[in-house]
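The values are calculated or read from the model by the stated rules, or taken from the named source; none is laboratory data. A quick note: this is a predicted structure, and the numbers were derived from the prediction, not measured. Surface areas here come from the heavy atoms of the whole protein model, side chains and all, with no ligands, DNA or RNA. Shrake-Rupley method; radii C 1.70, N 1.55, O 1.52, S 1.80 Å.
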Amino acid sequence: EEGNLLLSGGELLLVEAPTRAISADLRDSFSLAIPVEEQLPPAKVRLSFLDPFRPGLAVLGLLLTVVFAAFDLAPLDAVAFLVALSSILLGTLSGPDLYRSVNGPVLLTVAASFGFGAAIYNTGLATCLASGVLFVAEDYGKAAIMAALVGLALVLGVFVSNNTVVILLAPLIQDICKRRDMDLKMAMLGVIYAANLSFATPFSYQTNMMVMPHGKYVFIDYMKFGLPMMIICGIVALVGVFIVWG
């Protein structure tokens with residue numbers, strides 16, 4: 001009859017309601033009751049008089065952040081922090097939601113990868129490796145030199161940022177282009193393209209780490225799919241710069 005729902009054996013009932021609204025008697029009426037954690041309250045349930053205004057408050061906070069940053073009225077990080085704190089106080093955002101949005105573990109991992117890359121750069125290990133490879137490839141012509149540059153950019157890009165790779169290789173490229181009468185633009189563009197092919201590991205680039213927990217990826221997934229992509233795109237970059245500027 002109207003207002004009643006008849007369930008048969010084996011059927012499931014999904015109830016959208018705040019956890020506190022599910023009484024013990026209601027739980028006992030079912031053989032198994034499992035709450036779905038970490039979900040927002042139902043859209044039709046009003047928990048506070050501010051509920052209708054929270055979407056507008058969120059948009060207002062975003063607009064204020066953009067305006068303050070665009071007109072350089074205040075430091076962006078300070079404005080973003082104040083907007084986030086205001087969102088918590090107004091109930092637009094909860095503390096756990098804020099932590100998940102910031103994704104603390106990912107940020108710490110990214111920061112650690114920057115430190116590892118800086119160590120490789122500051123100790124001279126990357127420069128030594130690049131100089132050695134280019135010294136060997138120099139005797140085999142322009143094609144070998146370009147292949148070595150692209151390969152170096154691909155390998156170094158796994159450990160250090162793409163900007164660091166270009167800064168590291170730029171002096172070596174200028175020197176070898178002068179001695180071998182190579183087009184500097186061709187060599188630099190090849191390295192720039194290759195340095196941005198950071199797919200092989202989670203910490204190769206910040207966004208790789210950001211999507212890792214949400215996509216439930218593991219380290220080997222990046223190797224299986226990212227490494228072939230790096231090789232294919234590296235070959236395309238190498239051939240492309242040769243065709244256009246070679």
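What to note about this one:
- Rg to Rh quotient for segment 146-204, alpha carbon positions, Kirkwood Rh: 0.99
- Largest first, the residues Cys177, Cys128, Cys233 sort by 1.4 Å accessible area into Cys128, Cys233, Cys177.
- Nearest-10 value in Å² for the accessible area of Leu125, using the 1.4 Å probe: 110
- Within the full protein context, the accessible area of Glu11 is estimated at about 100 Å² for a probe radius of 1.4 Å.
- Where Tyr140, Tyr205, Tyr222, Tyr99 fall by accessible area, highest first, once all protein chains stay in place (1.4 Å): Tyr140, Tyr99, Tyr205, Tyr222
- When all protein chains stay in place and ligands, DNA and RNA are ignored, the 1.4 Å accessible-area order of Ile192, Ile231, largest first, is Ile231, Ile192.
- Rounded accessible area per residue of segment 117-232, 1.4 Å, Å²: 53
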